[in-house]
Each structure stands twice: as C-alpha cells, then as structure tokens.
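The values are calculated or read from the model by the stated rules, or taken from the named source; none is laboratory data. Here the structure is a predicted model, which is why all the values come from computation and not from measurement. Every residue, glycine as well, gets a Cβ built from its backbone with ideal geometry; the counts of neighbours run over all protein chains shown. Just the protein is used for accessible areas: all its heavy atoms, side chains included, with ligands, DNA and RNA removed. Shrake-Rupley method; radii C 1.70, N 1.55, O 1.52, S 1.80 Å.
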Amino acid sequence: MTAAIAVPASAADHRPHRQTVEISSVQYDSPGWDNCSNRSLNGEWVEITNYSRRGVNLDGWTLADEDGRTYTFDHYRLAGRATVRVHTGTGLDTRRDVYQDRRTYVWDNRSDTATLRNDHGRLIDEASWGRHGHHQR
C-alpha cells in the first residue's frame, strides 16, 4: 500500500498566512515490500517546499520524527518556488533530492509526525498522520 499525503493549508491550521517554507507532502509508507533495500528506503520521503520567490538557506535546519530521528540539512539552499524531497536511504544529493543515508525506516506507517525546524530550533511546520490525522498534510 502506498501512502502519500498532500493536504493544502486551510483555516483549520490556525495560521494567519501560508508559511514561506513548509512540509508539502509525505510518503511514509514506501511502495512495495518493506524489505529495507535502499530502493524501498528511498521510497519513503518528505517534501519541503519554498513558496516564496527568494531562496532560503536550510543549512542547520532539521527534519525529525516523533522518536527523535533527525536529519540536518548541511550546506543546502532551497531555491524560490522549489521543492526538495528528503529520502530516508542513501544516494547522491542534488537540488531536488537529498538523502538521510539511513539503513532503516524513519517514518512509522501507522502514526507519526514530521517536524521541520530552522537552524535556531524554531518550529517551521509539522505534518502528522494516524492518530493525529486532523493535522495531516
């Protein structure tokens, strides 16, 4: 079963305006069998989108799950009106795809929260699924 969620921001988010950078989509259950192959691990990802015209320096920003597994962006600039996909497995980083270089899954298929924080630890955005379904993105 493939699970990718992409729900637009709404009034229920209680945000006065759209964030400049936010989690735009999550595929927490990689397609096919969960066999820990690199292909399967990279089928699990989080997309982060910059909705502004200006690029944003994500150096030091973090993406974490509820268990504290954290990916830290290193020397990465997200161009204006661009999206980067953060894969769980290994690969060569590009402008559109970066890799956590993990050998095990990060995102729980039943229930989890992806949390994006800036380099000062300030909450930028969250996307949840499962028991927190009302906050899905």
Around ARG77, which amide H atoms from residues at least 5 apart in sequence, or from another chain, sit under 5 Å from its own amide H, with H modelled in the peptide plane? LEU58
What ³J(HN,Hα) values, in whole Hz, does the Karplus curve 6.51 cos²θ - 1.76 cosθ + 1.60 give for the range 43-56 when θ = phi - 60°, with x put for Gly and Pro? x, 9, 7, 10, 9, 10, 10, 9, 8, 8, 7, 8, x, 10
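Please label the shape of the range 31-137 as rounded, prolate or oblate, based on the square roots a ≥ b ≥ c of the eigenvalues of the alpha-carbon gyration tensor (a/c under 1.5 means rounded; beyond that, a/b larger than b/c means prolate, else oblate). Can you show the working numbers first?
Values: a/c = 1.76, a/b = 1.24, b/c = 1.42.
Here the range 31-137 falls in the oblate category.
Quick check: residue separation of CYS36 and ALA82 times 0.36 nm, minus the Cα distance between them. What number comes out in nm? Intermediate values should be presented prior to the final figure.
Values: separation 46, 0.36 × 46 = 16.56 nm, distance 2.92 nm.
Contour length minus Cα-Cα distance gives 13.6 nm.
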Solvent-accessible area of GLU47, probe 1.4 Å, all protein chains present, reported in Å² to the nearest ten, please. 40
Residues of the range 37-104: accessible area per residue at 1.4 Å, in Å²? 57
Residues whose placed amide H lies under 5 Å from that of THR88, excluding near-sequence neighbours: GLU44, GLN100
At 7 Å along the Cα-to-beta-carbon direction for both HIS75 and ASN118, put a label point, then send me their distance in nm to one decimal. 2.4
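The range 61-112: which trypsin sites (Lys or Arg not before Pro) are DSSP loop and have at most 13 other beta-carbon atoms within 10 angstrom? Please report the intermediate quantities before stating the final value.
Numbers: sites: ARG69, ARG77, ARG81, ARG85, ARG95, ARG96, ARG102, ARG103, ARG110; in loops: ARG69, ARG81, ARG95, ARG96, ARG102, ARG103, ARG110.
Sparse-neighbourhood loop trypsin sites (Lys or Arg not before Pro): ARG81, ARG95, ARG96, ARG103, ARG110.
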